[in-house]
1. Out of 155, 184, I need the residue that is touching a helix residue (DSSP H, G or I) at 6+ places or on another chain (Cβ under 9 Å), modelled with pLDDT of 70 or more and closer than 27 Å to residue 33 by Cα. Which one?
2. Which residue, of 41, 16, is closer than 24 Å to residue 126 by Cα, at pLDDT 85 or above and not charged (D, E, K, R)?
3. Considering every residue within the stretch 112-128, establish whether at least one is modelled with pLDDT of 75 or more, crowded, with 21+ Cβ neighbours inside 10 Å and more than 30 Å from residue 25 (Cβ to Cβ).
4. Just to be sure before I move on: is residue 144 within 23 Å of residue 5 (Cα to Cα), modelled with pLDDT of 75 or more and either of a type in the set (Phe, Trp, Tyr) or buried (at least 17 other Cβ atoms within 10 Å of the Cβ) (or both) in the structure I sent?
5. Filter the stretch 158-175 down to residues that are closer than 17 Å to residue 19 by Cβ and either open to solvent by 40 Å² or more (accessible area, probe 1.4 Å) or modelled with pLDDT of 75 or more (or both), then give me how many there are.
6. Please determine whether any residue of the stretch 34-44 is in a helix (DSSP H, G or I), touching a Phe, Trp or Tyr at 6+ places or on another chain (Cβ under 9 Å) and of a type in the set (Gly, Ala, Ser).
7. Could you tell me whether residue 29 is at pLDDT below 90, in a helix (DSSP H, G or I) and either open to solvent by 50 Å² or more (accessible area, probe 1.4 Å) or closer than 17 Å to residue 143 by Cα (or both)?
Amino acid sequence: MSTFLLATGLVALAEIGDKTQLLSLLLAARYRRPWTIVLGILVATLANHALAAWLGALLADAVSPEVLRWIVVAGFAAMGLWALKPDTLEADSVPQSSPFGVFGITLVAFFLAEIGDKTQVATIALASRHATELSAVVLGTTAGMMIANVPAVFAGAWLLRKLPMVWIRRAAAASFLALAILAALAPVHAPASHPTPATGTPP
């Protein structure tokens, strides 16, 4: 549960003002099908973050615990600085049509926009650090995305005008930097070695 809550809170903060939240606003304003858009965001996020968690687990298996620690520290620190920078979005980044209608447009646009985004990178970092709890990471980061994006779909630009964006970005940056510090200070656990069979002389 703690991994789920950590992932939810971290991604919800990081998503405020992010380009994918701006994409939610654009889709809602253009198509006015909020529930269809929300469903597309949910499916796209689950698919994208499941892929990100898998990559994080691969990273955890591919490098030593000590190297992984500093990769995670560098990743969280970089995301802390990244969170301070407001995102922008080009209107032509949204496909004009899809054989699956508004749902398909949302699914494709949101999945592509999330590739390389800070919330996807956060999912990779969290998954590499909590490789035994990938389901909690994916469900938590997806919940965080929905917490940030569902109100944006329904309330639109009015909501963003009311939110203290500067302070939200600072809180997200502080959260990422705190995780970087915790990762740097956490003890490194070496993988358990397999016991060697005991040898002895036969009776």
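The values are calculated or read from the model by the stated rules, or taken from the named source; none is laboratory data. These numbers were taken from a predicted model, which means no experiment stands behind them. Quick reminder, even Gly has a Cβ in these numbers, built from the backbone with ideal geometry, and neighbours come from all protein chains shown. Note: areas computed on protein heavy atoms with side chains; ligands, DNA, RNA excluded. Shrake-Rupley method; radii C 1.70, N 1.55, O 1.52, S 1.80 Å.
1. The conditions single out 155.
2. 41
3. Within the stretch 112-128, one or more residues are modelled with pLDDT of 75 or more, crowded, with 21+ Cβ neighbours inside 10 Å and more than 30 Å from residue 25 (Cβ to Cβ).
4. So residue 144 fits the description; yes.
5. Taking the stretch 158-175 first, the residues closer than 17 Å to residue 19 by Cβ are 159-160, 163, 165, 168-169, 172-173.
Now drop any that are not either open to solvent by 40 Å² or more (accessible area, probe 1.4 Å) or modelled with pLDDT of 75 or more (or both), which leaves 163, 169, 173.
The total comes to 3.
6. Among the residues of the stretch 34-44, at least one is in a helix (DSSP H, G or I), touching a Phe, Trp or Tyr at 6+ places or on another chain (Cβ under 9 Å) and of a type in the set (Gly, Ala, Ser), which makes the answer yes.
7. yes
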